[in-house]
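**Q** Pasting in a structure now, in structure tokens, and then I'll have a few things to ask.
The values are calculated or read from the model by the stated rules, or taken from the named source; none is laboratory data. Being a predicted model, the structure only gives us computed values, none of them experimental. Neighbour counts run over all protein chains shown; Cβ positions are idealised from the backbone, glycine included.
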Amino acid sequence: MSSVPPIRILIADDHHIVRMGLKAVLQLDPGLSVVAEASSADEAVVACMETRPDVTLLDLRMPGNGLEALRRLRTQCPEVRVLILTTSELEEDIHRAVAAGAAGYLLKSISPGELAAAIRLVHSGERWVSEAEARKLAERAATPGLSPRETEVLHLLIKGLSNYDISTALEITHSTAKAHVAHILEKLNAATRAEAAAEALRRGLVQPEL
């Protein structure tokens with residue numbers, strides 16, 4: 001019998017059936033042990049502080065914002081390794097998660113064997129990012145980011161506002177609004193406002209309105 005203690009895991013996902021499935025899969029591996037569960041960002045932080053797991057599996061799409069939970073976990077439980085486990089393949093989500101301190105980024109389509117391998121790898125101090133996610137990170141790193149003001153303009157542009165309407169909404173001059181739009185198109189490598197909107201949605205720079 002191995003004297004090495006199992007890796008202690010916190011599962012943070014707002015879907016009960018997902019937590020049940022993950023727990024059932026992970027419990028089949030004697031080297032892994034689920035010690036806590038959480039269904040929101042606040043619960044994840046509390047559970048982490050109470051149980052001090054080795055690895056946290058965290059969904060980005062959950063009440064309280066998974067990305068915000070990640071930032072709080074890195075501050076309040078810095079020794080805990082956080083693996084993002086989500087359905088989002090958006091370039092910006094991957095970038096933001098890694099930038100916020102995630103030790104890895106996994107899609108929920110991952111196999112049980114790969115999940116266990118990823119948990120062990122990040123527990124050992126390494127990072128886990130698939131080739132596809134690595135390519136997206138490289139593409140994102142090579143692309144100039146939008147400034148906070150440009151992001152504001154982008155949201156209004158996607159809503160269909162003209163340069164004049166944007167200048168009125170943000171209380172800036174028409175020429176300034178026009179310049180922001182031009183910079184956005186350049187940074188997104190878009191020829192038209194429609195192309196810029198489509199590219200922004202593809203990358204996850206903005207979320208589609210339901």
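**Q** Quick one: which residue in Glu114, Glu171, Glu92, Glu131 is closer than 28 Å to Ala24 by Cβ and among the charged types (D, E, K, R)?
**A** Of the residues listed, the single one that is closer than 28 Å to Ala24 by Cβ and among the charged types (D, E, K, R) is Glu114.
**Q** Working carefully through the options Glu186, Glu171, Glu195, find the one that is over 28 Å from Ala100 (Cα atoms), more than 18 Å from the chain's Cα centre (by Cα), modelled with pLDDT under 90 and not assigned by TED's automatic domain parsing to the domain that holds Leu57.
**A** Glu195
**Q** Going through region 84-106 one residue at a time, which ones are closer than 17 Å to Gly21 by Cα and buried (at least 19 other Cβ atoms within 10 Å of the Cβ)?
**A** Scanning region 84-106 gives Ile84, Leu85, Thr86, Leu106.
**Q** If a residue must be closer than 14 Å to Val98 by Cα and out of contact with any strand residue (DSSP E or B) (no Cβ under 9 Å at 6 or more places or on another chain), how many such residues does region 43-66 contain?
**A** Of the residues in that region, 0 qualify.
**Q** Now for a separate question. Mind telling me which of the residues Ser109, Ser88 ends up being touching a residue at least 60 places away in the same chain (Cβ under 8 Å), of a type outside the set (Lys, Arg) and in a loop (DSSP other than H, G, I, E, B)?
**A** Ser88
**Q** Among Pro63, Pro78, which is the only one that is under 14 Å from Asp13 (Cα atoms) and surrounded by fewer than 14 Cβ atoms within 10 Å (Cβ to Cβ)?
**A** Pro63
**Q** Looking at region 30-37, can you tell me whether even one residue there is within 24 Å of Ala100 (Cα to Cα), under 21 Å from the mean Cα position of the chain (by Cα), part of a helix (DSSP H, G or I) and in the same structural domain as Asp93 (by TED's automatic domain parsing)?
**A** No, there is no match, as no residue in region 30-37 is within 24 Å of Ala100 (Cα to Cα), under 21 Å from the mean Cα position of the chain (by Cα), part of a helix (DSSP H, G or I) and in the same structural domain as Asp93 (by TED's automatic domain parsing).
**Q** Being closer than 30 Å to Thr56 by Cβ, modelled with pLDDT of 90 or more and assigned by TED's automatic domain parsing to the domain that holds Ile94 narrows it down to one of Ser124, Ser130, so name that one.
**A** Criteria check complete, one pass: Ser124.
**Q** Sticking with this one: Inspect all residues belonging to region 107-126 and state whether any of them is buried (at least 18 other Cβ atoms within 10 Å of the Cβ) and of a type in the set (D, E, K, R).
**A** no
**Q** Give region 160-185 a look and list any residue that's in contact (Cβ under 8 Å) with a residue 24 or more places away in the chain and surrounded by fewer than 18 Cβ atoms within 10 Å (Cβ to Cβ), or say none.
**A** The one that is in contact (Cβ under 8 Å) with a residue 24 or more places away in the chain and surrounded by fewer than 18 Cβ atoms within 10 Å (Cβ to Cβ): His183.
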